[in-house]
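Notes follow the structure.
The values are calculated or read from the model by the stated rules, or taken from the named source; none is laboratory data. Given the structure is predicted, the values throughout are model-derived calculations rather than measurements. Positions of Cβ are generated from backbone atoms using ideal geometry, with glycine treated the same way; all protein chains shown enter the neighbour counts.
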Amino acid sequence: MKALALASLSLLCLLPLPAQTDEALTDEALEARQIHAGREKAQPCTTCHGLDGLRQGGEMPAIGGRRYDELLYQLGRFRRADRFHPAMTLLLQTFDVADMADVAAYFASVDRDRATRSNPYVAR
Ligand code: HEC
């Protein structure tokens, strides 16, 4: 009897869990997931822009904490060489629209004030 109960219990574990669809997630959860993915995908960008996108100098603009839609718009321009920077244009041509949206969400999520206090690269 005990064995039967155990067997049926382990059978239960084999049942597929209901698939978690995007519709089941709140906007906040979706945004957090996008930011998380964007942080990974932004690795090659951070070489130049710094981890929080606030490294500046020469012609390098600060991108951390800027508006999401503005960042996404500029990335699109670089990607189609409407605005040209050799390294960025080449790199962005390996990104699809979802990748660009993720990195834009990541850099937009940077708390500029907090990052500025601890970032030696940012002019105070
Ligand atoms: C080789 C160094 C380098 C890499 C790698 C790089 N960038 Fe840039 N980025 C620059 C420079 C330099 C500029 C300024 C170019 C200009 O003004 O035309 C710039 C400009 C930008 C701008 C425009 C900001 C503004 O003020 O209009 C955005 C947004 C941006 N980069 C995001 C990214 C993202 C996202 C990545 C990764 C996918 C990335 N960059 C990778 C050097 C780099």
(message) Can you report the number of residues in region 56-71 which are farther than 15 Å from HIS85 by Cβ and part of a loop (DSSP other than H, G, I, E, B)?
(response) 6
(request) Identify all residues within region 52-87 that are hydrophobic (A, V, I, L, M, F, W, C), closer than 18 Å to GLY38 by Cβ and free of Cβ contacts under 8 Å to residues at least 40 places away in the same chain; write none if there are none. (result) LEU71, LEU72, LEU75, PHE78
(request) Taking the residues in region 50-65 that are in contact with a helix residue (DSSP H, G or I) (Cβ under 8 Å, 6 or more places away or on another chain) and within 7 Å of the ligand (Cβ to nearest atom) as candidates, determine which candidate is nearest to MET100 (Cα to Cα). (result) ILE63
(request) Identify, by number, the condition in (1) within 9 Å of the ligand (Cβ to nearest atom); (2) surrounded by 12 or more Cβ atoms within 10 Å (Cβ to Cβ) that ALA108 doesn't meet. (result) (1)
(request) State which residue pairs qualify: first residue closer than 15 Å to MET60 by Cβ and assigned to a helix (DSSP H, G or I) and inside region 37-49, second residue more than 6 Å from the ligand (Cβ to nearest atom) and modelled with pLDDT under 95 in any location, beta carbons under 6 Å apart, and separation of 6 or more residues or different chains. (result) HIS49/ARG55
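Give the residue, chosen from ALA62, ALA87, ALA81, ALA108, that is under 28 Å from ALA29 (Cβ atoms) and of a type in the set (A, V, I, L, M).
One residue alone meets the criteria, ALA108.
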(request) Return the only residue of GLN34, GLN74 being in a helix (DSSP H, G or I), near the ligand (Cβ under 7 Å from one of its atoms), at negative phi and at pLDDT 90 or above. (result) GLN74
